[in-house]
Amino acid sequence: MFVADRTTLAQFLIEECRRLPDAAELPPVILDVALACKRIAKAVALGSLGETQGVAGTVNIQGETQKKLDVISNDIFRSSTEWGGHVAAIASEEMDHSCPIPDHYPRGRYLLVYDPLDGSSNIEVNVAVGSIFSVLEAPAAGRPVEDSDFLQPGTRQVAAGYALYGPATELVLTIGNGVHGFTLDPQLGEFILTRPAIKVPEETREFAINASNSRFWEQPVKRYVEECLAGSTGPRDKDFNMRWIASLVAEVHRILMRGGVFLYPRDSKQPLKAGRLRLLYEANPVAFIMEQAGAAATTGKERLLAVEPTSLHQRIPLIFGSRTEVDRIERYHHEDAPQQIDTPLFNSRGLFRANV
């Protein structure tokens, strides 16, 4: 059915930025990102028909084998955002270093940080994947942008969002004034506002964690998961459901829509790594979105947005979602002597054995 008064992404941004004078130059950046997401959505939707599946035969700075669509998506982001004169430099999970805008294009006031295709390991099994992005202020003109200019705490983000390539393509965005969701209308080729002012419920009965790593978890995480699994007969007095999609964007979207908590904590599996997820490309934009939606995000020990980055590809623990659960998990990390719960879930014959 035709609806005449639907709000497009462009209309939304213009109206919002009238109320936020400091963001007056932001809409073109977001619209260029939206264009990149439309192009990536089309490539993802073709699947095997587009001959874009499989590995690219290259390894990124993370030491990960790149999928063809990782490389294609990164190129799409670059070509869609570097020409408009609104960005000074970009940094991508798929590139070793930041990349200044070519000299033949004008330089803008923003830095763009992105993961061009999050969850690409799920492409072959047709599970939802996505793109994540963050916008920062660039340094004053007059000198080249360096990697160190991107090392800003998450509190200094001016915008963040993600696109989810699922049964429908959705773009979720914050420019520091709440979180809003847009759905791509394939007939118009426009993102339409469909989820204004998203709020995450404070309470939840769902948690998401990769249980196969349970033997490597720190005690506060074991304690939290054990309490959830104990259900209505345990100290939480209610039953929980456990979820795990292995696609961060899909996990974020589910929690935004119906609440929950996601944990990718620090563990002892790879002791030299502080965490699994990337601070600049994944954790910071997700944390910004969560806080703007009334939820919370932490490393387990501190507010995630307050972390001072030390390197472009820094990894970090990430826990986010419904505020009461995040607060509880953080409290457990700060307690000196977490209590032991008398259940067999982590015993030598338990469901999640501590000694394997």
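The values are calculated or read from the model by the stated rules, or taken from the named source; none is laboratory data. For clarity, every value in this text was computed on a predicted model and none was experimentally measured. All Cβ positions, even for glycine, are placed from backbone atoms using ideal geometry, and neighbour counts span all protein chains on display.
What's the total number of residues in region 158-174 that are within 30 Å of ILE123 (Cβ to Cβ) and in a loop (DSSP other than H, G, I, E, B)?
Just the residues of region 158-174 that are within 30 Å of ILE123 (Cβ to Cβ), to begin with: 159-174.
Subset that is in a loop (DSSP other than H, G, I, E, B): 166-168.
Within region 158-174, residues that are within 30 Å of ILE123 (Cβ to Cβ) and in a loop (DSSP other than H, G, I, E, B) number 3.
Of (1) modelled with pLDDT of 95 or more; (2) part of a loop (DSSP other than H, G, I, E, B); (3) under 20 Å from GLY166 (Cβ atoms), ALA246 satisfies all except one. Which?
The one condition ALA246 does not meet is (1).
Out of curiosity, is GLU170 within 22 Å of LYS38 (Cβ to Cβ) and under 15 Å from the mean Cα position of the chain (by Cα)?
Against the criterion (within 22 Å of LYS38 (Cβ to Cβ) and under 15 Å from the mean Cα position of the chain (by Cα)), GLU170 qualifies.
I'd like the residue in region 291-318 that is in contact with a helix residue (DSSP H, G or I) (Cβ under 9 Å, 6 or more places away or on another chain) and under 15 Å from ASN177 (Cα atoms) and, out of all such residues, is surrounded by the fewest Cβ atoms within 10 Å (Cβ to Cβ).
Among them, the one singled out is GLY294.
How many residues are outside any loop (DSSP other than H, G, I, E, B) and buried (at least 16 other Cβ atoms within 10 Å of the Cβ) when one looks only at region 125-157? Spell out how you get there, then give the answer.
Looking only at region 125-157, we keep the residues that are outside any loop (DSSP other than H, G, I, E, B), and these are 125, 129-137, 147-150, 154-156.
From the residues that got through so far, the ones that are buried (at least 16 other Cβ atoms within 10 Å of the Cβ) too are 129-136, 149-150, 154.
Residues meeting the conditions: 11.
Do we find that THR310 is in a loop (DSSP other than H, G, I, E, B) and either at pLDDT 95 or above or in contact with a Leu (Cβ under 9 Å, 6 or more places away or on another chain) (or both) in this structure?
Criteria met by THR310.
Just for region 158-168: of the residues that are surrounded by fewer than 23 Cβ atoms within 10 Å (Cβ to Cβ) and of a type outside the set (Gly, Ala, Ser), which one is farthest from ASP96 (Cα to Cα)?
Once the filter is applied, the top-ranked residue is PRO167.
In this structure, does PHE288 turn out to be in the same structural domain as THR310 (by TED's automatic domain parsing), surrounded by 22 or more Cβ atoms within 10 Å (Cβ to Cβ), touching a strand residue (DSSP E or B) at 6+ places or on another chain (Cβ under 8 Å) and in a strand (DSSP E or B)?
no
Cβ-Cβ below 6 Å, separation at least six or inter-chain, first residue in region 147-171 and on the phi < 0 side of the Ramachandran plot, second acidic (Asp, Glu): which pairs?
Cβ pairs passing all conditions: PRO153/GLU308; LEU164/GLU170.
Scan region 200-254 for residues that are among the small types (Gly, Ala, Ser) and crowded, with 16+ Cβ neighbours inside 10 Å and jot them down.
Those that are among the small types (Gly, Ala, Ser) and crowded, with 16+ Cβ neighbours inside 10 Å: ALA208, SER214, ALA230, GLY234, SER247, ALA250.
When region 243-271 is examined, which residues are found to be under 18 Å from THR174 (Cα atoms), of a type in the set (Val, Ile, Thr) and out of contact with any Ser or Thr (no Cβ under 9 Å at 6 or more places or on another chain)?
VAL252
Taking only region 188-219 into account, find how many residues are over 18 Å from ALA296 (Cα atoms), in contact with a helix residue (DSSP H, G or I) (Cβ under 6 Å, 6 or more places away or on another chain) and of a type outside the set (A, V, I, L, M).
Step one: filter region 188-219 for residues over 18 Å from ALA296 (Cα atoms), giving 188-196, 210-219.
Remaining after also requiring in contact with a helix residue (DSSP H, G or I) (Cβ under 6 Å, 6 or more places away or on another chain): 191, 193.
Next, only the ones that are of a type outside the set (A, V, I, L, M) stay: 191.
Of the residues in that region, 1 qualify.
Suppose we filter TYR105, TYR114 for residues that are of a type in the set (Ser, Thr, Tyr) and surrounded by fewer than 23 Cβ atoms within 10 Å (Cβ to Cβ); which single one remains?
On the way: TYR114 fails: surrounded by fewer than 23 Cβ atoms within 10 Å (Cβ to Cβ).
After ruling out the rest, the residue left standing is TYR105.
Results for (1) of a type in the set (Val, Ile, Thr); (2) surrounded by fewer than 19 Cβ atoms within 10 Å (Cβ to Cβ); (3) modelled with pLDDT of 95 or more, shown as yes or no for each residue.
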site	(1), (2), (3)
SER322	no, no, yes
HIS333	no, no, yes
ALA337	no, yes, no
ILE341	yes, yes, no
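Listed here are the residues, each with its yes/no results for (1) in contact with a strand residue (DSSP E or B) (Cβ under 9 Å, 6 or more places away or on another chain); (2) in the same structural domain as VAL87 (by TED's automatic domain parsing); (3) under 13 Å from LEU9 (Cα atoms); (4) modelled with pLDDT under 95.
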position: VAL125; (1), (2), (3), (4): no, yes, no, yes
position: SER131; (1), (2), (3), (4): yes, yes, no, no
position: VAL135; (1), (2), (3), (4): yes, yes, no, no
position: PRO153; (1), (2), (3), (4): no, yes, no, no
position: LEU164; (1), (2), (3), (4): yes, yes, no, no
position: PRO167; (1), (2), (3), (4): no, yes, no, yes
position: GLU170; (1), (2), (3), (4): yes, yes, yes, no
position: THR174; (1), (2), (3), (4): yes, yes, yes, no
position: GLY178; (1), (2), (3), (4): no, yes, no, no
